[in-house]
Amino acid sequence: MKTPFGLPASASAYGALIEVVRVSNIWDLKAVLAIIVLMPRIMRRLNTALDAKAISSDDKTNKHDLQALLCDVLHAIIEKLGNSLHGDKVRESAPFMLLQFCRVLTCDCSTARDKAALTIGALARAVGPKFLDFMPIFLQYYSVKLFSPIYLEAIGTIFHALGDEILPCCDHMMDVLYEGLSQPELKPQILACFGEIALAIGKIFEEKYLQAVRKELKEAANPRYYDEDKVDYGNQLRQGICKAYSGILRGIKDRKSGLKVAADLVEFIEAVSEDKSRGTS
């Protein structure tokens, strides 16, 4: 049955379209031209879906499903064209696409939000350091209330894509991450994100943020997080800490700083090995 948002009838068609884009030969001129023509059409469809009013609960569900599918289609297109000879087509459309994806980030469907976050990461990779020009758009939608594991993964991707070029945005982005540490459910992923940031910006991280992050990692290793009632959470937290130390040790270049971080890691490992309440995973 047809709905105002074209679902569920078109869901399988969009799924098939995603696969067609993914398996297309980037050296086949006809295939590439078809994808280039497809991109603005999908962008317009997403814009229409974003602006459309959903009255019934079914309409709201269909709207969210459609947004997720369209983000998936654009994700496939961005990855296909982004690193090809036709990457300029993605870069030309990047500001408008980014604004659309950011609007999806504000919807009340976690699946659609995660799809949008992943697609923002793909867009950052495709655009590279010039994505800095579009960061003012993204930063309007950068807040703790939007954080999720996938969103934080996208943050790491953005740092890797921009490298040192992200410096003008670093302080603000780190401050928001520090703020997010006050929410236990976000803490493991934020700590892991610190590792990705250290790996991406190396010396900048070492000079500006290493001391504060070391303090947060030591705080996260506090035994109060690891009682018998919080075994699963404790394991998640330990994984986040390990990912953070891994990224930091690979990212920083100063030997003296590296030895200090390595000492912190050894202390953490010793504490974990002595903790009888830890899970087996």
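Results for (1) over 17 Å from L123 (Cβ atoms); (2) surrounded by 20 or more Cβ atoms within 10 Å (Cβ to Cβ), shown as yes or no for each residue.
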{"position": "S148", "(1), (2)": "yes, no"}
{"position": "G156", "(1), (2)": "no, yes"}
{"position": "F159", "(1), (2)": "no, yes"}
{"position": "E165", "(1), (2)": "no, no"}
{"position": "C169", "(1), (2)": "no, no"}
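Being closer than 20 Å to V127 by Cα, crowded, with 18+ Cβ neighbours inside 10 Å, among the acidic types (D, E) and touching a residue at least 12 places away in the same chain (Cβ under 8 Å) is the requirement here; does D65 meet it? Full working, then the answer.
On the way: closer than 20 Å to V127 by Cα: no; crowded, with 18+ Cβ neighbours inside 10 Å: yes; among the acidic types (D, E): yes; touching a residue at least 12 places away in the same chain (Cβ under 8 Å): yes.
It is false that D65 is closer than 20 Å to V127 by Cα, crowded, with 18+ Cβ neighbours inside 10 Å, among the acidic types (D, E) and touching a residue at least 12 places away in the same chain (Cβ under 8 Å).
Could you list, in sequence order, all residues of segment 94-116 that are assigned to a helix (DSSP H, G or I), touching a residue at least 40 places away in the same chain (Cβ under 8 Å) and either surrounded by fewer than 18 Cβ atoms within 10 Å (Cβ to Cβ) or among the hydrophobic types (A, V, I, L, M, F, W, C) (or both)?
A94, P95, F96, M97, L98, R103, V104, L105, T111, A112, A116, listed by residue number.
Looking only at residues in segment 41-51 that are under 19 Å from C102 (Cβ atoms) and surrounded by fewer than 14 Cβ atoms within 10 Å (Cβ to Cβ), which one is modelled with the highest pLDDT?
The first filter runs over segment 41-51 and keeps only residues under 19 Å from C102 (Cβ atoms), leaving 42-51.
Checking the rest, the ones that are also surrounded by fewer than 14 Cβ atoms within 10 Å (Cβ to Cβ) come to 44, 48, 51.
Details: R44: 96, T48: 93, D51: 93.
Of everything passing the filter in segment 41-51, R44 is modelled with the highest pLDDT.
State which residue pairs qualify: first residue in contact (Cβ under 8 Å) with a residue 40 or more places away in the chain and farther than 17 Å from E206 by Cα and inside segment 165-186, second residue surrounded by 14 or more Cβ atoms within 10 Å (Cβ to Cβ) and among the small types (G, A, S) in any location, beta carbons under 8 Å apart, and separation of 6 or more residues or different chains.
Short answer, once both residue conditions are applied: L186/G180.
Does any residue in segment 187-216 that is within 21 Å of I150 (Cβ to Cβ) come within less than 7 Å, Cβ to Cβ, of a residue that is at pLDDT below 95 and β-branched (V, I, T) six or more places away or on a different chain, and which pairs are these?
If the second residue must be at pLDDT below 95 and β-branched (V, I, T), the pairs left are A198/I252.
Can you tell me which of (1) over 21 Å from the mean Cα position of the chain (by Cα); (2) closer than 23 Å to E153 by Cβ; (3) of a type outside the set (G, A, S) is the one I241 doesn't meet?
So I241 meets the others, but not (1).
Is it the case that G156 is on the phi > 0 side of the Ramachandran plot and in contact (Cβ under 8 Å) with a residue 12 or more places away in the chain? Step through it out loud before you land on a result.
Values: on the phi > 0 side of the Ramachandran plot: no; in contact (Cβ under 8 Å) with a residue 12 or more places away in the chain: yes.
Here the answer is no, as G156 does not meet what is asked.
The values are calculated or read from the model by the stated rules, or taken from the named source; none is laboratory data. Quick caveat, the model's predicted, so the values are computed rather than measured. Please note: Cβ atoms are built from the backbone with ideal geometry, for glycine as well, and neighbour counts cover all protein chains shown.
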